[in-house]
Amino acid sequence: MVRIYRFSGVRPDREEAPAIAAVPYDVVTVDEARSVIEKNNKSFLRVSRPDAELTDLPANDPKIYERARENFEALMKSGMMLRDPAPGMYLYRVDQNGDVFFGLCCCLDVEDYRNTSIRRHELTRYDKEEDRTRHIGTTKTHNGPVVLLYRNNGETFSFIRSLIPKETGPDAEVKAADGSLHRIYRIADPAVLDRLEEMFAKIPALYIADGHHRAKSAVNVADQRILAGQPVDGEVSRFMGVM
């Protein structure tokens, strides 16, 4: 059984999305990230790779993670990024080299990682794990999704694909440098959300395809709160995934 959860996402304004959207933090070097930021100061790499702005500091300096928090809060205060008014889920469609990929974006439970309902196939490196643990803890955000696979039970994928609206456009659309087209559609209908939760409750396991360090770091943040005697409910016990 897999538990999935709705959440109120924080997303770029439609017009700002092409400028803010960025590649994952771990596919660029610090020099490459700095080059992107110098050309585009709206890039989300200012949040996900703040070390690119503070290259004179050691990699684990607390000021780096504080800069990430400050940059994220600045995007929110400017109105370039907005929080959705109510919890929902999101469809993520990618068109690339003639192929089309569909993902469902939602929150997943750290307990499902602990009990291996969310399965992994890589060992994590301490330094990368510690970096994302501190990043999540300081910014209080999950700003890079874990990508997972699931074994289709005959109806789940076709139902998800059917949710792409034919009458209206996406909530955000970005064409990446490699030519791929990325689209986001928000799912707000409570009946549809209920059905998605019921469908995934019948799926025994998810398999991490990418984002082992992001997933483990989310578990670390929850564990740290447990050790500190702090409440671990709501989104602090979850992480963002695209299935």
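The values are calculated or read from the model by the stated rules, or taken from the named source; none is laboratory data. Quick caveat, the model's predicted, so the values are computed rather than measured. Ideal geometry is used to build each Cβ from the backbone, glycine not excepted, and the neighbour counts take in all protein chains shown. Surface accessibility is based on the protein's heavy atoms, side chains included, excluding ligands, DNA and RNA. Shrake-Rupley method; radii C 1.70, N 1.55, O 1.52, S 1.80 Å.
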> Has the range 89-103 got at least one residue that is over 25 Å from Asp210 (Cα atoms), in contact (Cβ under 8 Å) with a residue 12 or more places away in the chain and loosely packed, with under 12 Cβ neighbours inside 10 Å?
Replying inline: no
>> Condition (residue is closer than 17 Å to Lys216 by Cβ and not charged (D, E, K, R)) applied to the range 90-107: is it met by at least one residue?
In response: yes
>> Of everything in the range 164-192, what is touching a strand residue (DSSP E or B) at 6+ places or on another chain (Cβ under 7 Å), open to solvent by less than 40 Å² (accessible area, probe 1.4 Å) and over 14 Å from Phe101 (Cβ atoms)? Give them in sequence order.
In response: Pro170, Ala172, Val174, Ile187
>> If I filter the range 130-143 for residues that are at pLDDT 95 or above, open to solvent by 30 Å² or more (accessible area, probe 1.4 Å) and in contact with a Leu (Cβ under 8 Å, 6 or more places away or on another chain), do I get at least one hit?
In response: no
>> Take Phe200 and tell me if it is crowded, with 19+ Cβ neighbours inside 10 Å, touching a Cys at 6+ places or on another chain (Cβ under 9 Å), in contact (Cβ under 8 Å) with a residue 60 or more places away in the chain and not in a strand (DSSP E or B).
In response: yes
> When you go through Ala59, Ala21 one by one, which is the residue that is in contact with a Phe, Trp or Tyr (Cβ under 8 Å, 6 or more places away or on another chain) and open to solvent by 30 Å² or more (accessible area, probe 1.4 Å)?
Replying inline: Ala21
